[in-house]
1. Rank-order 135-142, 243-250, 223-230 by packing density, defined as the average count of other C-beta atoms within 10 Å over each peptide's residues, highest first.
2. Order 261-270, 206-215 from most to least packed using the mean count of other Cβ atoms within 10 Å.
3. Return a whole-number percent for the relative contact order of the range 4-283, with Cα pairs under 8 Å and 6 or more residues apart as the contact set.
4. Can you give the Kirkwood hydrodynamic radius for the range 1-116, in Å, rounded to one decimal and based on Cα pairs?
5. Where the convex hull is taken over the Cα atoms of the range 233-288, what is its projected area averaged over directions, in nm²?
6. Tell me, rounded to the nearest percent, the portion of alpha carbon pairs in the range 131-288 spaced more than 29 Å apart.
7. For the chain, take the longest principal axis of its alpha carbons; what is the angle in degrees between that and the long axis of helix 204-218, to the nearest 10 within 0 to 90?
8. On C-alpha positions alone, give me the angle between the axis of helix 75-99 and the longest principal axis of the chain, in degrees, nearest 10.
Amino acid sequence: MIEILELQGGASPRGRFDQAAKVLEAGGLIVLPDRRFALSAAETRMLDPSISDDRAKNISLDPATGRVSGTRLDDAGRHVLAGLIGRFAQTADALLAELTPRYAPALQRRRTSFRPGAIADRALSLRKDDRRLHVDAFPANPVQGRRILRVFANVNPEGEPRVWNVGEDPFDAVARRFLGRLVVKEHAATVKEALGLTKGRQSAYDQAMLRLHDAAKLDHGYQADAPRRRLELPADSLWVVYTDSVMHAALSGQHALEQTYLMPVEAMAEEALSPLRILERMTGRALA
Ligand SMILES: [Fe+2]
């Protein structure tokens, strides 16, 4: 049974926040239903799907370069977007410093994204369709065993919730179900790196997780039968989840922000619960 820890209000009792890492590591979600990420008037004008460039799913800010990509807007518009997305990145940093202070020194902040479009608007291949249950895995950016921790905000101005399904099965049950389809080919990783298709070496772990992502999305039986829980994440809420271990599907909603972090498994309270260590135990070999 997946645990959803709801933390109301700005200043919650210390003891509850200490639970946050445990809940996250066990495959739960932390939801802050009234922790509003407020937008200025100029930023509110960015809640318009037509500002996207139609090539990218998201508008994103690269923390390494400070560059905003995925928008057709001119420099003035990009400046507003960079302010909005950058401020969300800081909000996410502050939230995790409060919720999971032991993670803070180990968290590696990656791309911050803004999603002005509605989920249900997109017609996609099964593999790209995030309305199907999946765990996150990055084809071009190998994580080499690190966790993917994400902070989301629903900034819908009409009070519309973001609706997700989350899988009820723990990661080890999911991994066991798909284990036969997670075979890795070391040679393929070397070729991809040499061709510049991946930024850094794709570890056996990265390959296994990409296969798990695809296997789950392409398995009609799994999509139909997997035990799941429907969540309505309200407008003006924030939530935090390890999207590499929790099966999730984004069903509907519009106007979200998302901050991705990578974190070495050694920083977890219980490293044995990481997908890396679970897959290593199941396959009997080092994967990263
Ligand atoms: Fe996802």
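The values are calculated or read from the model by the stated rules, or taken from the named source; none is laboratory data. Since the model is a prediction, treat every value here as computed from it, not as a measurement. Quick reminder, even Gly has a Cβ in these numbers, built from the backbone with ideal geometry, and neighbours come from all protein chains shown. Only protein heavy atoms, including side chains, enter the accessible area calculation; ligands, DNA and RNA are left aside. Shrake-Rupley method; radii C 1.70, N 1.55, O 1.52, S 1.80 Å.
1. Details: 135-142: 18.4, 243-250: 22.8, 223-230: 13.2.
Put in order of decreasing packing, that is 243-250, 135-142, 223-230.
2. Values: 261-270: 17.0, 206-215: 21.4.
The densest-packed peptide leads the list: 206-215, 261-270.
3. Values: 545 pairs, mean separation 87.9, N = 280.
It comes to 31 percent, rounded to a whole number.
4. Numbers: mean 1/r = 0.0627 Å⁻¹.
Hydrodynamic radius (Kirkwood, Cα only) of the range 1-116 equals 16.0 Å.
5. Numbers: hull surface 21.1 nm².
Reported value for the Cα convex hull: 5.3 nm².
6. On the way: 2557 of 12403 pairs.
That fraction is 21 percent.
7. 70
8. The angle comes out near 60 degrees.
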